[in-house]
């Protein structure tokens with residue numbers, strides 16, 4: 001597999017359905033055991049991530065992937081620690097898997113630092129473009145692809161909705177955490193939509209509940 005695989009090729013190994021012939025069936029015919037790496041940013045007894053992992057394994061089984069028969073799965077629990085996630089990412093890449101599933105956004109960066117050739121599929125990412133994980137949503141490029149949980153252009157829609165609810169409003173304060181790439185991307189969409197709505201947006205930077213209360217009161 002090359003570093004510049006197409007999005008469909010990435011998801012084929014995890015999804016098990018290539019055009020014309022199921023990937024799982026082809027793996028059995030070739031006699032080769034496929035290897036999937038899984039990196040989860042949590043402790044092993046985390047009930048939420050245990051449930052997500054269970055759903056993933058169940059989905060593979062439904063698609064014809066049987067552990068020990070045509071697929072081997074290496075699971076690494078990185079815990080919330082950045083250093084531990086980085087360590088587990090390096091160890092996982094060293095096993096030479098066919099593809100790696102990054103369970104959370106915090107797993108993607110360390111995996112990309114460890115390899116630029118092994119395909120990486122991330123299940124949850126708020127801003128993969130802003131984080132530098134992919135070139136764009138339409139054309140990810142590189143060796144990473146996956147799913148985003150947010151469409152930042154909705155920020156402009158929020159401003160439109162506000163104008164409909166309160167037509168007389170011309171100045172809007174936007175509370176944001178300037179240290180978060182996601183917050184900055186949403187604000188950029190709001191700021192871009194403001195001129196056409198004849199509205200002025202004022203950024204208010206904050207990082208705690210106390211700062212939110214102070215900003216609202218002022």
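The values are calculated or read from the model by the stated rules, or taken from the named source; none is laboratory data. Everything numeric in this text was worked out from a predicted model, so none of it was measured. No Cβ is skipped: glycine too gets one built from the backbone with ideal geometry, and neighbour counts run over all protein chains shown.
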**Asked** Could we say that residue 107 is assigned by TED's automatic domain parsing to the domain that holds residue 38, closer than 18 Å to residue 181 by Cα and assigned to a helix (DSSP H, G or I) here?
**Response** yes
**Asked** Going through the stretch 85-104 one residue at a time, which ones are within 19 Å of the chain's Cα centre (by Cα), part of a helix (DSSP H, G or I) and over 19 Å from residue 35 (Cα atoms)?
**Response** 85, 86
**Message:** Quick check on this structure: which one of 155, 168, 130 is touching a residue at least 12 places away in the same chain (Cβ under 8 Å) and in a loop (DSSP other than H, G, I, E, B)?
**Reply:** 130
**Message:** Of everything in the stretch 171-186, what is part of a helix (DSSP H, G or I) and either in contact with a helix residue (DSSP H, G or I) (Cβ under 7 Å, 6 or more places away or on another chain) or at pLDDT 90 or above (or both)? Give them in sequence order.
**Reply:** 186
**Prompt:** Which ones in the stretch 118-135 are under 15 Å from residue 104 (Cα atoms) and in contact with a helix residue (DSSP H, G or I) (Cβ under 7 Å, 6 or more places away or on another chain)?
**Reply:** 120, 121, 122, 124, 125, 126, 127, 131, 133
**Message:** Name the residue that is surrounded by the most Cβ atoms within 10 Å (Cβ to Cβ), counting only residues in the stretch 47-65 that are farther than 13 Å from residue 77 by Cβ and in contact (Cβ under 8 Å) with a residue 12 or more places away in the chain.
**Reply:** 65
**Prompt:** Looking only at residues in the stretch 141-152 that are part of a loop (DSSP other than H, G, I, E, B) and touching a residue at least 24 places away in the same chain (Cβ under 8 Å), which one is surrounded by the most Cβ atoms within 10 Å (Cβ to Cβ)?
**Reply:** 143
**Complete:** Per the filter on the stretch 110-127, residues in a loop (DSSP other than H, G, I, E, B) and within 16 Å of residue 35 (Cβ to Cβ) are 115, 117, 118, 119
**Asked** In the list 178, 189, 138, which residue meets the criterion of being within 22 Å of the chain's Cα centre (by Cα), crowded, with 16+ Cβ neighbours inside 10 Å and closer than 26 Å to residue 109 by Cβ?
**Response** 189
